[in-house]
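First comes the structure, then the notes that go with it.
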Amino acid sequence: MKIIFPVIALMSLIAFQIGCSGGASNTANADTNASTEKVSPFAHITDPKAALAEGDRLLDNNQTEQAIEAYKQAVTLDPDFAEAHFKMGIAYALIESEMQQAGTTVETASNTGKGGTVKTNSQKAFERAVEAYKKVIAANPKDDLAQFNLGRAYNKLNKDEEAEAAFKQAVKLKPDDTEYQTEYGSILIKLAQYREALAPLKKALELDPENSRAADLLEDAEAGTKRIDFVQRDDANTKRANSNTAANANVATDSNSAPKPPNANTKPQREEPKEKKPDRPSNKP
């Protein structure tokens, strides 16, 4: 009995020490995990516009990854900050382009689209920008800049018809903006509507004769118009030739099947008189 009691006490002491060391280990692990959690380097910025400005500064200095973090802080502070979403899409697109050129796999967004379609980070950012700009326009339909940027976001997503509609509305709201006119002409060319692109591009150059992009696009639109006109003329000539050939074939067929009229210059043949039979002799004296 005297021996058993010290043994029990010793075992209890060992168990207590193990429990304490385990607790200390868990606490240390928790502290380590907390210290390794990624903290935004721009968490100190509490104004979304200030975060956007910092992102723009970094993007201009080719610090693309840091710019993305700044834009993330902006949309964290204001989830409907359309411009921040759009600029984030631009920054992601730059990184994705560099990865493609290097032959490396492009990173995709953590959440996929409908039907399980995998989307890149830039696509998801531009989609969020579209939704945010739509909210701005719903609150103020006459916001020409929101319409213009909505068109730009759609253009980045290769939704050309939607982009054309947004640019058209922006031009309607503010026709004296050379950039609006240029982008409207550009999307019309992308849609192969070359003739329709002439007017906005000419207007863009009228507003700013130094607009070199509009000048280049105007040349493309004029060349496209000439190509279409040539093809249309060629098609018309081909159809006309085919029509004439068919008409001539029908005339030839009709002429062969119809009875020939008498020739006016041909004299009718004279009917030969029938040979007169001799009279039978009479029996009378």
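Readers should treat all values here as calculations from the given coordinates under stated rules, not as data from a laboratory. The structure displayed is predicted, hence computed values, not measured ones. Glycine gets a Cβ as well: all are built from the backbone with ideal geometry, and neighbour counts include every protein chain shown.
Past 27 Å, Cα to Cα, is the threshold; run K72/K168; K134/K202; K159/K202; K87/K168; K49/K202 against it and keep the listed order.
K72/K168; K134/K202; K49/K202
For the pair A139 and L191, how long in nm is the line joining their label points, each one 7 Å along Cα→Cβ?
Going by the 7 Å Cα→Cβ label model, 2.9 nm.
For all pairs of alpha-carbon atoms in the stretch 47-206, what percent lies in each bin of width 10 Å, listed from the first bin to the last filled one?
P(r) over the stretch 47-206, rounded to whole percents: 12, 33, 35, 18, 2.
Rank these for me by crowding, V118, V171, V106, going from fewest to most other beta carbons within 10 Å.
V118, V106, V171
Let me check I've understood the local charge: for T225, count other residues with C-beta under 14 angstrom from its C-beta, Lys and Arg +1, Asp and Glu -1. What total comes out? It would help to have the intermediate numbers written out before the result.
Numbers: positive: R195, K202, K226, R227, R233; negative: E196, E219, D220, E222, D229.
Net charge around T225: 0.
Hey, fewest Cβ within 10 Å first, where do K142, K72 land in order?
Numbers: K142 10, K72 17.
In increasing order of surrounding Cβ atoms, one gets K142, K72.
For a quick check: with amide H placed at 1.01 Å from N, whose amide H comes under 5 Å from T120's, ignoring anything fewer than 5 positions away on the same chain?
Excluding prolines and chain starts, which carry no amide H, the hits are A109.
Test of understanding: ordering K135, K49 by Cβ neighbours within 10 Å, fewest first, what list do you get?
K135, K49
Using mean Cβ contacts within 10 Å as the protection proxy, how do 63-71, 94-102, 174-182, 202-210 order, highest first?
Averaged packing, sorted descending, gives the order 63-71, 174-182, 202-210, 94-102.
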